[in-house]
Amino acid sequence: MNTQKIGWIGLGNMGIPMAEQLIKADYAVTVYNRSKEKETALKAMGASVAETPKDLIAATDVVIVMVSDDSAIEQIFKGEDGLFTAETSGKIIINMSTVSPSISKEMAAFCKEKGSMYLDAPVSGSVKQAETAQLVIMAGGEETVFNQVKPVLEKMGKLAMRVGESGAGNSAKLAINSLLALYAQGLAETVMFANQQGIKTEDLLALINNAAIGNTFTKIKGDAIIANNYKAAFALKHIVKDLKLAKAEGISSPLAKTALETFEAASAEYGEEDIIAVIKQLKG
Ligand code: NAP
């Protein structure tokens with residue numbers, strides 16, 4: 001058994017398979033999720049369950065948070081029975097959610113005041129990469145803290161890299177997700193144009209995925225379009241959040257503006273479906 005006791009907060013599409021990797025790697029893991037029914041699968045794998053974030057941090061050394069957005073982070077850290085209502089001295093909190101660089105800077109400062117340590121460490125990759133420990137993890141925070149938890153991060157990813165001080169991981173992630181949005185809209189528009197020209201989606205995707213332009217994204221999302229399967233691996237509403245965060249950080253390029261308009265328009269109807277459901281919006 002690994003000696004660091006891990007607390008895990010947030011058992012959504014990503015949190016469940018990521019926490020599972022740590023249990024498989026023989027860490028003692030305690031989980032907390034707002035909706036308690038999602039804790040069952042992890043409990044069956046041997047995880048302990050905490051009633052609140054406050055109880056969870058008291059029982060563990062390293063707490064990993066994987067929740068939706070800035071407001072969820074506020075709630076988990078500063079809400080009733082939140083992490084900051086406990087004695088946190090000496091604990092390390094790793095926020096792997098895709099959130100704003102500014103909230104990471106704020107939480108890092110709070111942690112410092114309380115004698116604890118904070119890393120932002122968002123991930124690139126989706127459910128499939130989480131299930132196979134192939135995520136790419138980008139961290140912001142002190143190097144000594146990063147080095148203490150790098151072995152834990154490497155149980156979930158193929159690469160864990162520190163890119164700067166607090167908030168830098170979030171900045172890198174927002175840059176990457178801007179490209180993700182462009183890929184998704186670009187793939188959708190390309191399939192639609194080819195279809196208009198009488199080319200079958202299956203044939204087009206076979207060509208793209210054998211060509212230099214093909215990649216893991218075109219393979220997975222191409223398969224989803226062919227299967228007409230838009231169940232969320234990465235919910236479309238989350239890319240709207242990320243594009244808005246990137247805008248707030250100053251991105252103003254023509255493609256980024258267009259992508260935000262497109263995904264915002266798609267979100268009302270398809271927000272809970274996968275990012276590639278943007279094709280349904282574009283088809284009208
Ligand atoms: P998800 O399936 O929507 O799960 C969200 C999690 O956050 C759930 O555990 C939810 O709890 C919790 N949560 C939301 N609001 C909360 C609040 N106010 N208080 C407490 N808990 C709250 O999201 P996901 O796909 O796992 O993504 C998690 C994060 O990773 C997001 O920031 C996302 O942008 C990022 N990300 C996702 C992917 C992907 O492909 N899915 C890839 C890379 C990064 P409940 O169960 O109670 O709702």
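The values are calculated or read from the model by the stated rules, or taken from the named source; none is laboratory data. Computed from a predicted model, the values in this text were never measured in an experiment. Cβ coordinates were reconstructed from backbone atoms using ideal geometry, including for glycine residues, and neighbour counts include every protein chain displayed.
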*Just give me the residues in the stretch 117-174 being touching a helix residue (DSSP H, G or I) at 6+ places or on another chain (Cβ under 9 Å), in a helix (DSSP H, G or I) and not β-branched (Val, Ile, Thr), in sequence order.*
Lys128, Gln129, Ala130, Glu131, Phe146, Leu153, Ala168, Gly169, Asn170, Ser171, Lys173, Leu174
*asked:* Looking at the stretch 62-88 only, could you name the residues that are farther than 20 Å from Ile16 by Cβ, at pLDDT 95 or above and not charged (D, E, K, R)?
replied: Ser71, Phe77, Gly79, Gly82, Leu83, Phe84, Thr85, Ala86
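Restricting to the stretch 2-41, give me the number of residues that are assigned to a loop (DSSP other than H, G, I, E, B) and either touching a strand residue (DSSP E or B) at 6+ places or on another chain (Cβ under 6 Å) or within 17 Å of Ser97 (Cα to Cα) (or both). Before the answer, list the steps.
Step one: list which residues in the stretch 2-41 are assigned to a loop (DSSP other than H, G, I, E, B), which gives 2-4, 10-14, 25-27, 33-35.
Filter again for either touching a strand residue (DSSP E or B) at 6+ places or on another chain (Cβ under 6 Å) or within 17 Å of Ser97 (Cα to Cα) (or both), leaving 4, 10-14, 27, 33-34.
Residues flagged as assigned to a loop (DSSP other than H, G, I, E, B) and either touching a strand residue (DSSP E or B) at 6+ places or on another chain (Cβ under 6 Å) or within 17 Å of Ser97 (Cα to Cα) (or both) within the stretch 2-41 amount to 9.
Residues Leu153, Leu180, Leu159: which one is in contact (Cβ under 8 Å) with a residue 60 or more places away in the chain and within 16 Å of the ligand (Cβ to nearest atom)?
On the way: Leu153 fails: in contact (Cβ under 8 Å) with a residue 60 or more places away in the chain; Leu159 fails: in contact (Cβ under 8 Å) with a residue 60 or more places away in the chain.
Of Leu153, Leu180, Leu159, the one residue that is in contact (Cβ under 8 Å) with a residue 60 or more places away in the chain and within 16 Å of the ligand (Cβ to nearest atom) is Leu180.
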*Is it true that Phe84 is more than 22 Å from the chain's Cα centre (by Cα), surrounded by fewer than 18 Cβ atoms within 10 Å (Cβ to Cβ) and closer than 24 Å to Gly169 by Cα?*
no
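Could you check how many residues of the stretch 161-206 are under 26 Å from Asn147 (Cα atoms) and of a type outside the set (D, E, K, R)? Walk me through it before giving the result.
Filtering the stretch 161-206 down to residues under 26 Å from Asn147 (Cα atoms) leaves 161-177.
Imposing the further condition that a residue be of a type outside the set (D, E, K, R) reduces the set to 161, 163-164, 166-172, 174-177.
Number satisfying all stated conditions: 14.
Any residue at all in the stretch 38-61 that is over 20 Å from Asp120 (Cα atoms) and near the ligand (Cβ under 10 Å from one of its atoms)?
So the first thing to find is which residues in the stretch 38-61 are over 20 Å from Asp120 (Cα atoms), and the list is 38-52, 55, 58-59.
Next, from what is left, pick out any that are near the ligand (Cβ under 10 Å from one of its atoms): 38-39.
Yes, the stretch 38-61 has at least one match.
Residue-wise test of (1) touching a residue at least 60 places away in the same chain (Cβ under 8 Å); (2) hydrophobic (A, V, I, L, M, F, W, C); (3) more than 24 Å from Val136 (Cα to Cα); (4) in contact with a Cys (Cβ under 9 Å, 6 or more places away or on another chain).
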position: Leu11; (1), (2), (3), (4): no, yes, no, no
position: Asp26; (1), (2), (3), (4): no, no, no, no
position: Leu56; (1), (2), (3), (4): no, yes, yes, no
position: Glu80; (1), (2), (3), (4): no, no, yes, no
position: Gly90; (1), (2), (3), (4): no, no, yes, no
*Restricting attention to helices (runs of 4 or more DSSP H) lying wholly within the stretch 215-284, give those where 1 or more residues are more than 21 Å from Gly15 (Cβ to Cβ), over 21 Å from the mean Cα position of the chain (by Cα) and at pLDDT 95 or above.*
216-227, 254-270, 278-283
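Give Ser124, Ser104, Ser166, Ser97 a once-over and let me know the one that is away from the ligand (no atom under 16 Å from the Cβ), at pLDDT 95 or above, hydroxyl-bearing (Ser, Thr, Tyr) and touching a strand residue (DSSP E or B) at 6+ places or on another chain (Cβ under 7 Å).
Exactly one residue qualifies, and that residue is Ser166.
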*asked:* Exactly one of these conditions fails for Val99: (1) touching a Ser or Thr at 6+ places or on another chain (Cβ under 8 Å); (2) outside any helix (DSSP H, G or I). Give me its number.
replied: (1)
*For the stretch 83-96, name all the residues that are over 15 Å from Asp120 (Cβ atoms) and in contact with a Ser or Thr (Cβ under 8 Å, 6 or more places away or on another chain).*
Thr88, Ser89, Gly90, Lys91
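Condition check ((1) under 17 Å from Lys280 (Cβ atoms); (2) more than 26 Å from the chain's Cα centre (by Cα); (3) not assigned by TED's automatic domain parsing to the domain that holds Glu143) across all residues:
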site: Ala160; (1), (2), (3): no, no, no
site: Ser178; (1), (2), (3): no, no, yes
site: Ala181; (1), (2), (3): yes, no, yes
site: Val191; (1), (2), (3): yes, yes, yes
site: Ala194; (1), (2), (3): yes, yes, yes
site: Lys200; (1), (2), (3): no, yes, yes
site: Asp203; (1), (2), (3): no, yes, yes
site: Leu207; (1), (2), (3): no, yes, yes
site: Ala212; (1), (2), (3): no, yes, yes
